[in-house]
Amino acid sequence: MTSSAYSNYPPPLSQAQQEYLVTTAKDWAIQNGLAVRPAPSMLPEGSDSNRVLATNAPITLFPSPFPRSCFEEAQALQTVYNQLYAMITCDEEWLGKVIAELIDVDDFVANLWKAHLTVKKEGYTQNLSLGLYRSDYMAHVSSNKAPSLKQVEFNTISSSFGGLSALVRQLHTELLSSPPGNPISYPPHPLLESGVPPENTSVETLAGGLAAAHKAYGYSKSEPSLPLCIIFVVQDGERNVFDQHALSSRLTGFHRIPVFRVPSSKVLDQTSVSESIPARPLTYSPPHAPSSVFEVTTVYMRAFYSPDDHTTSRDWDARVHLERSAAIKCPTILNQLVGCKKVQQVLAEPTGPDHLSKFLAGMDPTTISRLRETFAPQYDLSASGQGRELALNPETALRHVLKPQREGGGNNIYKSEIPAFLKSMPESDWKGWVLMELINPAPDAENVALRNDGEVLRGNVISELGIYGTILWDTTGKILHNDQGGWLLRTKGKEVNEGGVAAGFSSLDSVLLF
Ligand code: ADP
Ligand code: MG
Ligand code: MG
């Protein structure tokens, strides 16, 4: 399909057709758990004091076209990316050098590193690590070449939306498959008749990674032995709970593993490390059944990725408490730090040491160069580098985004705002940021978004593809499980710089490959 085939996509909707589609999508979302808790700001003061309400997750009414070659390449590279990020984690010395650049300018990174060193001094008792990753991309279009796959970022902690993305795919597939003439079917368009979105196994893949870690943990290390469980460490007031429940339901229903949710603020109250046992097993007592005790095999973090989850010294104590326990962490602090944007910039350096070949030793060079092809240009802001000039020049700044070492959306500085932003802080702090060239997806894509307050927006959009992967490895670099499967498409208005569904910028979408 050429870009002209986007024309008139999605097909126009009469007001009545749009209302019908919106109602169908809204009801489908609640019926099937494609939902989020409403933001307190969406509700009149005190109106949901028992927190019973849910609303549809922000979604697009139509699937978005996405180049098949880019989609397939992203899937093909995922287990290689998994391996890369696992192997960097095994090289503490290399990582330490990258992190050293950030320590005096970024308190959060410094404190994570310090927490790691505290545990290292005492000695880690668990040599397995689990990664549940999501590699994010856009299909970059330049002049009249075929679109190419470019990575936006790689996430090593709390990679979310695996649960909900499989549901959006299901919603769009049902809408596409409804019999012609059925009032809920889409108006005709060649793209909508070209097929349905590809299978989306994100829930199976992510839960499969957690189950692999649970199994690899082995028997209880407690005396006497205890039943085993997985815990999800979650944020207080989390709105994206249904996404997380999709994974826990799969773990309990299919894998038959008990799963418990522990708010990060309750970690020290509800879990203990058995100090008298050298392996330091982590035990958990559910508050609703205090007489039962489980041993935790795996700690899945859906919190602790941001400074906002570490506001007190007690939060840091909880972090160290989990890290020093025998439970397998998803992720360890080291693996979280490997997700820093700075690491991605260093990997993408076009000259200097060949980090990819070092970490992917034994991998065939063609695969390594395919992975390298997914990097967009990235720069540090050192006095000697090109990045500083590109960032400070108002013209070149327009083609860039400036990123700090943060996750979860809403942290970047874009385009024309970059020069003044940099000038507003001491030059000595610039090394905490990386400059990245903007990826440019097809300019003429359109879609209709149904936001979670019911607002409907139609316009030019940009889509970001995420591919999920899981890997379980030990500190010597031995890989026990390496899998990919499932995807996420997030779509936002073209004029919006930021991304992120939870941060309120994008909507969940699915792909129609062309
Ligand atoms: P976070 O870890 O906070 O999600 P990202 O690197 O994903 O940080 O940046 C947030 C959003 O900014 C992305 O979802 C994307 O919409 C936009 N963005 C980031 N880097 C680029 C880029 N190189 N080109 C275009 N958009 C980008
Ligand atoms: Mg991220
Ligand atoms: Mg992101």
| If you take the residues in the range 167-185 that are of a type in the set (G, A, S) and either in a loop (DSSP other than H, G, I, E, B) or within 16 Å of ligand 1 (Cβ to nearest atom) (or both), which one is surrounded by the fewest Cβ atoms within 10 Å (Cβ to Cβ)? | G181
| request: Within the range 140-160, track down each residue that is at negative phi, more than 16 Å from ligand 3 (Cβ to nearest atom) and assigned to a loop (DSSP other than H, G, I, E, B). | output: V141, S142, N144, K145, A146, P147
| request: May I ask you to verify whether S357 is in a helix (DSSP H, G or I), in contact with a Pro (Cβ under 8 Å, 6 or more places away or on another chain) and either among the basic types (K, R) or more than 16 Å from V234 (Cα to Cα) (or both)? | output: yes
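Quick grid of which residues meet (1) in contact with a strand residue (DSSP E or B) (Cβ under 7 Å, 6 or more places away or on another chain); (2) of a type in the set (A, V, I, L, M); (3) in contact (Cβ under 8 Å) with a residue 24 or more places away in the chain:
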{"position": "V346", "(1), (2), (3)": "no, yes, yes"}
{"position": "G352", "(1), (2), (3)": "no, no, no"}
{"position": "M363", "(1), (2), (3)": "no, yes, yes"}
{"position": "R370", "(1), (2), (3)": "no, no, yes"}
{"position": "T374", "(1), (2), (3)": "yes, no, yes"}
| Does S463 fit the bill of being away from ligand 2 (no atom under 16 Å from the Cβ), out of contact with any strand residue (DSSP E or B) (no Cβ under 6 Å at 6 or more places or on another chain) and either modelled with pLDDT under 95 or hydroxyl-bearing (S, T, Y) (or both)? | no
| note | Screening K121, K114, K145 for residues that are closer than 21 Å to F514 by Cα, free of Cβ contacts under 8 Å to residues at least 60 places away in the same chain and basic (K, R) leaves only K145
| request: Scan V496, V456 and give me the residue that is surrounded by fewer than 22 Cβ atoms within 10 Å (Cβ to Cβ), more than 24 Å from Q235 (Cα to Cα) and within 14 Å of ligand 3 (Cβ to nearest atom). | output: V496
| message | Scan the range 463-483 and tell me whether some residue there is under 24 Å from Q18 (Cα atoms) and either crowded, with 20+ Cβ neighbours inside 10 Å or within 16 Å of ligand 1 (Cβ to nearest atom) (or both). | response | yes
| note | Subset of the range 126-166, residues within 25 Å of I479 (Cα to Cα), more than 13 Å from ligand 1 (Cβ to nearest atom) and among the hydrophobic types (A, V, I, L, M, F, W, C), comes to L128, L130, L132
| field | Unmet requirement for Y137, which otherwise passes all of (1) in a loop (DSSP other than H, G, I, E, B); (2) within 16 Å of ligand 3 (Cβ to nearest atom); (3) not polar (S, T, N, Q) | value | (1)
| request: Give me a count of the residues in the range 178-200 that are more than 33 Å from the chain's Cα centre (by Cα) and among the polar types (S, T, N, Q). | output: 1
| message | Give all pairs with beta carbons closer than 6 Å in which a residue from the range 486-513 that is in a strand (DSSP E or B) meets a residue that is among the acidic types (D, E) and away from ligand 3 (no atom under 12 Å from the Cβ); count only pairs at least 6 apart in sequence or on separate chains. | response | L489/D509; T491/D509
| query | What residue, of K329, K341, is modelled with pLDDT of 95 or more, within 14 Å of ligand 2 (Cβ to nearest atom) and in contact with a strand residue (DSSP E or B) (Cβ under 6 Å, 6 or more places away or on another chain)? | reply | K341
| message | Checking the conditions here, which among S41, S69, S49 is modelled with pLDDT under 95 and either part of a helix (DSSP H, G or I) or crowded, with 23+ Cβ neighbours inside 10 Å (or both)? | response | S41
| remark: Contact list, first residue from the range 252-265 and farther than 14 Å from L210 by Cα, second anywhere and of a type in the set (D, E) and outside any loop (DSSP other than H, G, I, E, B), beta-carbon distance below 8 Å, six or more apart or interchain, is S264/D309; S264/D315; S265/D315
| query | Within the range 73-99, which residues are within 26 Å of A110 (Cα to Cα) and either within 19 Å of the chain's Cα centre (by Cα) or part of a loop (DSSP other than H, G, I, E, B) (or both)? | reply | Y81, N82, Q83, L84, Y85, A86, I88, T89, D91
| request: Would you check if there is a residue in the range 257-268 being within 30 Å of D509 (Cα to Cα) and touching a Cys at 6+ places or on another chain (Cβ under 7 Å)? | output: yes
| note | Scanning the range 270-323 residue by residue, those within 20 Å of Y217 (Cα to Cα) and of a type in the set (S, T, Y) turn out to be T271, S272, S274, S276, T283, Y284, S285, T297, T298, Y300
| said: Take the residues in the range 362-413 that are assigned to a strand (DSSP E or B) and more than 16 Å from ligand 2 (Cβ to nearest atom); name whichever of them is farthest from E495 (Cα to Cα). | reply: Y379
| request: Confirm whether N440 is surrounded by fewer than 22 Cβ atoms within 10 Å (Cβ to Cβ) and part of a strand (DSSP E or B). | output: no
| message | Among the residues of the range 475-514, what is the count of those that are more than 20 Å from the chain's Cα centre (by Cα) and either within 16 Å of ligand 2 (Cβ to nearest atom) or among the basic types (K, R) (or both)? | response | 2
| request: Would you mention how many residues in the range 369-385 are of a type in the set (D, E) and either within 22 Å of the chain's Cα centre (by Cα) or surrounded by fewer than 19 Cβ atoms within 10 Å (Cβ to Cβ) (or both)? | output: 1
| field | Out of Y9, Y20, sole residue that is modelled with pLDDT of 90 or more, more than 25 Å from the chain's Cα centre (by Cα), within 25 Å of P188 (Cβ to Cβ) and part of a helix (DSSP H, G or I) | value | Y20
| task | Filter the range 134-152 down to the residues that are more than 18 Å from G486 (Cβ to Cβ) and within 16 Å of ligand 2 (Cβ to nearest atom), then identify the one that is farthest from the chain's Cα centre (by Cα). | result | K150
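The values are calculated or read from the model by the stated rules, or taken from the named source; none is laboratory data. In this text the structure is predicted, and so the values were computed from the model without any measurement. Cβ coordinates were reconstructed from backbone atoms using ideal geometry, including for glycine residues, and neighbour counts include every protein chain displayed.
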